[in-house]
Amino acid sequence: MTNVLVYVRPWNYHQFEDLANRTWNDAHVEFISEHRGQDSSGFISSFYDNYRKTSSKEKQDFEWLTNQQIEDIIVRCRLLRALERQQSLRLIESALLAIEGVFSRFNPDYVFSVTVDSYIIHILSIVSENRGVRFIGIVPTFLNGYFRVSTLGEKSTNRKVPGSELESVYNKLIETQYKPAWLAASEKSINKKANRSWARNLIKPLWFRFFSWLRRDPLNAHYLTTRIVSRRYWSILPKKYKGLFDLRQFESQPSVKERVKIFLPLQMSPEATVDYWSEDTSWVNYENKVLNVVDTARDDVVFLVKEHPNVLGFRTPKFYSELSARENVVTIAPSISSNEVLEVSDAILVCTGTVGFEGLLRGKPIISDSNPFYAPKSVFLPVCGLLDEEFSFTQKPAESDRSFLVEYLVSGFLKGTFLNDGSWRRDNETHLEYNQQIAKSLSEYLRINEH
């Protein structure tokens, strides 16, 4: 019998239970979680036992974990990098030993999870690799109706895609107003989302402190992370952004004319797409990285900076004010389509953001040291070019390369709609159909990759 270890959280337990049962028929399924009510593997009790034992130790015992792996686990996790180093090391050791114990007891053939977005899943993926167990992490994509299998954001599938499907995807992506289904679209919806983000963030620090006490779970990674991040962006009054964003007049501004226009679409951060998907870990301190890049760029460059529509209301207005104060920055309203800004840009700078792919389709040079999943590494221009007066941003993908780029992208996607926002319901027929398609795609993916 196949043993499947499934990582779950309270808001996706039933979703992943259903997915696992559809993907692996008649398998023995065990659930691992840092949430007490969802863990059936014994992980959480072992984790706390290990943590208590480490309190008297001067040095942690990481068995086979290398120093490089430990540093990578810390720097990429928004929780661990915010804690004192010794506490971070204790948490890593406690989780590692607990996960090793689960693997020894259950002997899984597969580990099924969302893609890595925390230190616990990161360690889970490392243990899986060390023991030769397949780690299947799934994540939604910016292309509606598709999802990806990925551990740390990398491209891990290479399916053969019919020509008709490639043509359909290409036509969809070049539409000026195309947006992923989860992206806020209108200015009204963006502002509404911003106010909702402020209101939720207002109560999070106290609520999650109380909730962790109520659940007798003070070391819960989700509770601790939420408290730390929400305190960082906490504001007693609603955040005011009026006047910070230029609308459609940016093309005529004196600071823009006759200069190299670099479109910088901001990404959600802290977020797995930055923390875990970027080869260049300097981006994990995202706002400081953006300001540093802007401040060190050569004189003939101007940055067209547009906020992610789903992030307004989360970051502080101070960051936008600091950006706007730079002579080489023009801030663009988040309600304006990225494709409109692409048209007037000479190049696009991204960490891992998928606006880079939209730019490639339009023949724009893409600047990135992060190795985004949607194109070969050789396609991207180095960030250091922004410092070099002699560097040219005229390198553009040939017209004939666009079909290759679309095929490269879609070959890394599988068909299926994966809801990763806690909205999935087992009494919703549409949601069950989503899972059925995902399970079908995963079954085919596993069959092909095991022969």
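Nothing in this text is a laboratory measurement; each read-out follows from the coordinates by a stated rule. This is a predicted model, so every value here is computed, not measured. Note: ideal-geometry Cβ built from the backbone for every residue, glycine included; neighbour counts use all protein chains shown.
Residues whose amide H falls under 5 Å from that of residue 329, counting only those 5 or more places apart or on a different chain, are 303, with hydrogens built in the peptide plane.
Remark: relative contact order (the range 349-418) = 31 percent; criterion is Cα-Cα distance under 8 angstrom and separation of 6 or more residues. Pairs exceeding a 21 Å alpha-carbon distance, out of 160/364; 306/377; 193/289; 160/440: 160/364; 306/377; 193/289. Full extension of the chain between residue 55 and residue 258 gives 67.0 nm of extra length, using 0.36 nm per residue less the Cα-Cα distance.
Taking the centroid of alpha carbons for each part, the range 406-427 and the range 75-140 are 23 Å apart. Prolate is the label for the range 295-379, because the ratio a/c of its alpha-carbon gyration tensor axes (a ≥ b ≥ c) is 1.5 or higher and a/b is greater than b/c. On the basis of the beta-carbon distance and an R0 of 51 Å, residue 436 and residue 388 show a calculated FRET efficiency of 0.45. The Cα atoms of the range 66-153 give a gyration tensor whose axes a ≥ b ≥ c have a/c of 1.5 or more with a/b no greater than b/c, which makes the shape oblate.
Length gained on full extension, residue 280 to residue 318: 11.1 nm, using 0.36 nm per residue less the C-alpha separation. The HN-Hα couplings worked out from phi for the range 420-425 by the Karplus form 6.51 cos²θ - 1.76 cosθ + 1.60 (θ = phi - 60°) are 10, 10, x, 8, 5, 10 Hz, whole numbers, x standing for Gly and Pro.
When the Cα positions of 128, 152, 226 are compared along the charge dipole of the chain, 226 comes out farthest toward the positive end, with charges on each C-beta of Lys, Arg, Asp and Glu.
Taking amide H positions as modeled 1.01 Å from N, with prolines and chain starts lacking one, the residues under 5 Å from residue 31 and 5 or more places away or on another chain are 6, 40, 41. Rounded to the nearest 500, the helix-only mean residue ellipticity at 222 nm of the chain stands at -13000 deg cm²/dmol, with each DSSP H run of n ≥ 4 adding -39,500 (n - 2.57).
For the chain, complete DSSP H runs whose alpha carbons reach 27 Å or more along their own long axis and whose mean Kyte-Doolittle score is -1.0 or higher are 85-106, 187-214, 429-449.
Which whole-number percent gives the relative contact order of the chain, counting Cα pairs below 8 Å spaced six or more residues apart? Working shown, then result.
Working: 715 pairs, mean separation 79.6, N = 451.
Rounded, it is 18 percent for the chain.
Highest mean packing first, where packing is the average number of other Cβ atoms within 10 Å per residue, the peptides 75-86, 152-163 line up as 75-86, 152-163.
Taking the Cα centre of the chain as origin and assigning +1 to Lys and Arg Cβ atoms and -1 to Asp and Glu Cβ atoms, the resulting dipole is close to 1680 debye. Model label points for residue 1 and residue 343, set 7 angstrom from Cα along the Cα-to-Cβ axis, are 6.0 nm apart.
Is the range 314-451 rounded, prolate or oblate when judged by the Cα gyration tensor, a ≥ b ≥ c being the square roots of its eigenvalues, rounded requiring a/c under 1.5 and prolate requiring a/b larger than b/c?
In terms of gyration-tensor shape, oblate.
Going through the range 375-444, which trypsin sites (Lys or Arg not before Pro) have at most 13 other Cβ atoms within 10 Å and a DSSP loop state? Sites meeting the loop and neighbour criteria: 425, 426.
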